[in-house]
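Bear in mind these aren't lab numbers, they're just calculated from the coordinates by the rules spelled out. None of the values given here were measured: they were computed from a predicted structure. Cβ sites come from the backbone with ideal geometry, for glycine too, and all protein chains shown count toward neighbours.
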Amino acid sequence: MQPIEMNNSTCVIIPAYNVADSIGGVVSGVRRYIPVVFVADDGSVDDTAMQARAAGAVVLRWRRNRGKGYALKALFACAAGKGFRTAISMDGDGQHDYRDLPRFAAAHRRHPEAIIVGSRMHAKGNIPRARYNSMHVARFFISLAANQFVEDTQCGFRVYPLKRIEGMCLTQPGYVTESEMLIKAGDMGCPIRFVRIGAIYGRIKSHFKPIRDVTAITAYIISYFVVKYTVEGICPRRPNTYKPGGIRDKIAANRMGDVMFEMLTVLGIIPLTGVFLLLFGLFSKTTAENYASVRRLDQGFYKITLATHLLPLILVIISVEKLAGCMGVRMRLVDGFIQKYYPHLW
């Protein structure tokens, strides 16, 4: 196989945690296409670092687990410091097929300024049902915040032009970082494209914790919307509201303050969405084209307000399904509910 030509300045970055059984094969496979691979061993207690080095990767390592976000930030800094202009992120557990790399390279050549994201949403049958439903809801809200449709917002197989990463302030830890990057990039005007890939689950054990990590991602998205829609409500024709070092970044500079802000916005989002809907109607007479990102959808604010207000109901429906399952009754209420109230507005 011939190496992929991507401006002669592309590397692969892999955050890794306790994946000694798979990392060697992943690195070896990747290097058949792209020779330079950086692996961040995020405090593994197995032989992840040794296996990655043996396969030819450059390994960054620290003793305690600090989360995927920390690892990605360190890898971006390392790649940029070595003179690379483009980084392709992959997971080290085998969920991403290195044989898809040529397709990402082709997409990058067509859209060199864009972030390219792998999408598994077409492979619904291969994705655990609860995971797919959470991906569907996350897609709705992250696409809104990013001012464009992002088909799969939770896939870590991505192409990043490093100047895009350098142009934003990344403040969030863990798995939230990947959502933060899409939101901020899109809200700065960066195009986001996708490449359809397979959904590989099976025996692969993910370190993603659905309750903890989905809660953290949701809290960040809600807190981001409160700032974004406040700015859009009082400013004319301003769909792209993010600027590095802006209000949301300043709040996030203090971790405890950031957590408190997220808690307050989560508790207040339902009445606040009603306020935004009111501003959408009233301020439009005095502030020309306020809520420009929403007006571009030509959908009004009602569907967004409804979707936000129905979020707690999803949890109720899930609980009813589980209770019915314990009684031997199989129900599929959540799927249809999500399809109806979290539509593709783009």
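Can you tell me the orientation of helix 68-81 relative to the chain, as the angle in degrees between its alpha-carbon axis and the longest Cα principal axis, to the nearest 10?
Between the helix axis and the principal axis of the chain, the angle is about 60 degrees.
So, counting K/R as plus one and D/E as minus one, what does the shell of residues with Cβ under 13 Å around A74 add up to?
+3
With a 10 Å radius around each residue's Cβ, average the other Cβ atoms per peptide and rank 37-47, 178-188, 105-115, highest first.
The most tightly packed comes first, giving 178-188, 37-47, 105-115.
Scan around L60 for amide H atoms under 5 Å from its own, H built in the peptide plane at 1.01 Å from N, and keep only partners 5 or more places away or cross-chain.
Placed amide hydrogens put V39, A40, D41 under 5 Å from L60.
List the GluC sites (Glu not before Pro) within the stretch 260-346 that DSSP assigns to loop and that have no more than 15 neighbouring Cβ atoms inside 10 Å.
E289
Please report the antiparallel percentage of the DSSP beta bridges confined to the chain, to the nearest 5.
25
Quick one: 3J(HN,Hα) in Hz for the stretch 146-160, Karplus 6.51/-1.76/1.60 with θ = phi - 60°, rounded, Gly and Pro as x.
After applying 6.51 cos²θ - 1.76 cosθ + 1.60, I find 8, 6, 6, 6, 10, 5, 9, 8, 10, 7, x, 8, 9, 9, 10 Hz.
With 10 angstrom as the radius, rank C155, C78 by how many other C-beta atoms surround their C-beta, starting from the fewest.
Placing the least packed residue first, the sequence is C78, C155.
Ranked highest first by average number of other Cβ atoms within 10 Å, how do 253-260, 170-177 line up?
Answer by packing, highest mean first, reads 170-177, 253-260.
³J(HN,Hα) across the stretch 50-67 via Karplus (A = 6.51, B = -1.76, C = 1.60, θ = phi - 60°), whole Hz, x for Gly/Pro?
After applying 6.51 cos²θ - 1.76 cosθ + 1.60, I find 5, 5, 5, 5, 4, 7, x, 7, 8, 10, 9, 8, 9, 6, 10, 5, 10, x Hz.
What is the distance in Å between the Cα centres of the stretch 42-76 and the stretch 275-346?
Distance between centres, Cα-based: 39 Å.
Please report the antiparallel percentage of the DSSP beta bridges confined to the stretch 82-223, to the nearest 5.
55
Please determine, in degrees from 0 to 90 and to the nearest 10, the orientation of helix 101-110 with respect to the longest principal axis defined by the Cα atoms of the chain, where the helix direction is its Cα long axis.
Computed tilt is about 60 degrees.
Which whole-Hz couplings ³J(HN,Hα) result when phi for each residue of the stretch 171-185 is put into the Karplus expression 6.51 cos²θ - 1.76 cosθ + 1.60, θ = phi - 60°, listed in order with x for Gly and Pro?
The phi angles translate into 10, 9, x, x, 6, 5, 4, 5, 5, 4, 5, 5, 4, 5, 4 Hz.
Please give the helix 210-234 orientation as an angle from the longest Cα principal axis of the chain, in degrees from 0 to 90, rounded to the nearest 10.
50
Considering the options P239, M256, L272, tell which one lies farthest towards the positive end of the dipole of the stretch 230-274, charges being +1 on Lys and Arg and -1 on Asp and Glu at the Cβ, about the Cα centre.
The listed residue farthest towards the positive side: P239.
Restricting to Cα pairs below 8 Å that are 6+ residues apart, what does the relative contact order work out to for the stretch 10-205? Please round to a whole percent. Display every interim value, and only then the final one.
On the way: 382 pairs, mean separation 48.3, N = 196.
Rounded, it is 25 percent for the stretch 10-205.
Please get the size of the charge dipole for the chain, origin at its Cα centre, with Cβ charges of +1 on Lys and Arg and -1 on Asp and Glu, quoted in debye to the nearest 20.
I would put it at about 260 debye.
Net charge within 12 Å of A324 by Cβ-Cβ distance, Lys/Arg positive one each and Asp/Glu negative one each, not counting A324 itself?
+2
Give the long-range amide H neighbours of R196: residues separated by 5 or more places, or on another chain, with amide H under 5 Å away, using H modelled in the peptide plane at 1.01 Å from N.
Result for R196 returns S119.
Roughly how many debye, to the nearest 20, is the charge dipole of the stretch 1-150 about its Cα centre, given +1 on each Lys and Arg Cβ, -1 on each Asp and Glu Cβ, and no other charges?
The dipole magnitude comes to about 300 debye.
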